[in-house]
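Participant: Just dropping this structure here.
The values are calculated or read from the model by the stated rules, or taken from the named source; none is laboratory data. Not measured: the values here are computed from a predicted model. Note that each Cβ is placed from the backbone with ideal geometry, even for glycine, and that neighbours are counted across all protein chains shown.
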Amino acid sequence: MSILRDAVRGALAGAAATWAMDQVTTVMLAVQAPEVTAQEESAQANGKGSVTNLVDRVEAETGLVVPPARRAIVEMAVHYALGAVPGAIYGVLRRWVPFARAGSGLFYGLGVFAANDEYLNTKLGLAAPPSAYPPETHLRGLAGHAVLGVATETGIQLLGG
């Protein structure tokens with residue numbers, strides 16, 4: 001039962017941390033130069049963000065179709081699931097792998113950034129290669145995921161973990 005409890009704490013904390021990450025990255029995006037935003041947008045795979053591309057891929061491979069009126073809700077749910085699922089894994093691993101909690105979750109967040117933003121999204125065709133994006137994109141992702149990691153660890157602790 002303790003593994004399930006750790007996973008649930010991690011998932012809840014990961015979802016909440018996703019919200020915190022979004023607050024930071026939204027402000028950073030709002031204050032960046034318009035030409036940087038234009039460069040980011042022109043670099044996107046299929047002209048869309050990675051979550052939108054993921055939902056498109058699931059639709060194409062399963063034959064399921066998300067009604068347009070529900071598309072934004074589904075994409076938001078996928079976005080939060082991408083914080084909750086790794087959070088659940090982290091919630092379990094942090095008890096058994098001593099270095100997993102390094103930096104009070106900071107290294108977990110940076111690891112998620114490296115694995116997801118810098119590798120998997122490109123490998124899966126959900127985003128362009130990292131070199132296509134300006135440095136500001138990577139710095140925003142790095143900062144956001146640092147917040148994600150620390151907030152996930154903090155959330156787990158607040159939930160009794």
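Participant: Name the residue that is surrounded by the most Cβ atoms within 10 Å (Cβ to Cβ), counting only residues in the range 112-161 that are within 20 Å of residue 35 (Cβ to Cβ) and among the charged types (D, E, K, R).
Facilitator: Going through the qualifying residues, I end up with 140.
Participant: So, residue 101, is that one closer than 19 Å to residue 20 by Cβ, touching a residue at least 24 places away in the same chain (Cβ under 8 Å) and of a type in the set (Lys, Arg) or not? If you could, list the steps in order and put the result at the bottom.
Facilitator: Numbers: closer than 19 Å to residue 20 by Cβ: yes; touching a residue at least 24 places away in the same chain (Cβ under 8 Å): yes; of a type in the set (Lys, Arg): yes.
Spelling it out, residue 101 is indeed closer than 19 Å to residue 20 by Cβ, touching a residue at least 24 places away in the same chain (Cβ under 8 Å) and of a type in the set (Lys, Arg).
Participant: Out of curiosity, is residue 72 in contact with a Ser or Thr (Cβ under 6 Å, 6 or more places away or on another chain) and of a type outside the set (Phe, Trp, Tyr)?
Facilitator: Details: in contact with a Ser or Thr (Cβ under 6 Å, 6 or more places away or on another chain): no; of a type outside the set (Phe, Trp, Tyr): yes.
Here the answer is no, as residue 72 does not meet what is asked.
Participant: While we're looking at this one, here's another question. Pairs please, first residue from the range 48-69 and closer than 15 Å to residue 82 by Cα, second anywhere and in a loop (DSSP other than H, G, I, E, B), Cβ atoms under 6 Å, 6+ apart in sequence or on different chains.
Facilitator: 50/126; 50/127; 53/126; 54/126
Participant: For the range 56-86, enumerate the residues that are aliphatic (A, V, I, L, M) and under 29 Å from residue 147 (Cα atoms). Before the answer, list the steps.
Facilitator: The first filter runs over the range 56-86 and keeps only residues aliphatic (A, V, I, L, M), leaving 58, 60, 64-66, 69, 72-74, 76-78, 81-82, 84-85.
Passing the criteria: 58, 72, 73, 74, 76, 77, 78, 81, 82, 84, 85.
Participant: For the range 121-161, how many residues are assigned to a loop (DSSP other than H, G, I, E, B), under 26 Å from residue 100 (Cα atoms) and of a type in the set (Gly, Ala, Ser)?
Facilitator: 2
Participant: Being modelled with pLDDT under 95 and within 16 Å of residue 160 (Cα to Cα) is the filter; apply it to the range 95-111 and report the residue that is surrounded by the fewest Cβ atoms within 10 Å (Cβ to Cβ).
Facilitator: Filtering the range 95-111 for residues that are modelled with pLDDT under 95 and within 16 Å of residue 160 (Cα to Cα), the one surrounded by the fewest Cβ atoms within 10 Å (Cβ to Cβ) comes out as 95.
Participant: Check the range 45-53 and report whether any residue there is polar (S, T, N, Q), touching a Leu at 6+ places or on another chain (Cβ under 6 Å) and modelled with pLDDT of 95 or more. It would help to see each step written out before you state the result.
Facilitator: Here is the first cut: in the range 45-53, the residues polar (S, T, N, Q) are 46, 50, 52-53.
Those still in the list that are touching a Leu at 6+ places or on another chain (Cβ under 6 Å) too: 50, 53.
With modelled with pLDDT of 95 or more added as a condition, the list becomes 50, 53.
Yes, the range 45-53 contains at least one residue that is polar (S, T, N, Q), touching a Leu at 6+ places or on another chain (Cβ under 6 Å) and modelled with pLDDT of 95 or more.
Participant: Still on this structure, please answer the following. Considering only the range 4-26, state which residues are surrounded by 12 or more Cβ atoms within 10 Å (Cβ to Cβ) and of a type in the set (A, V, I, L, M).
Facilitator: Answer for the range 4-26, where residues must be surrounded by 12 or more Cβ atoms within 10 Å (Cβ to Cβ) and of a type in the set (A, V, I, L, M): 7, 8, 11, 12, 13, 15, 16, 17, 20, 21, 24.
The rows are residues; the columns are (1) touching a Lys or Arg at 6+ places or on another chain (Cβ under 8 Å); (2) among the small types (Gly, Ala, Ser); (3) closer than 21 Å to residue 132 by Cα.
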site: 21; (1), (2), (3): no, no, no
site: 27; (1), (2), (3): no, no, no
site: 40; (1), (2), (3): no, no, yes
site: 44; (1), (2), (3): no, no, yes
site: 56; (1), (2), (3): yes, no, no
site: 76; (1), (2), (3): no, no, no
site: 90; (1), (2), (3): no, no, no
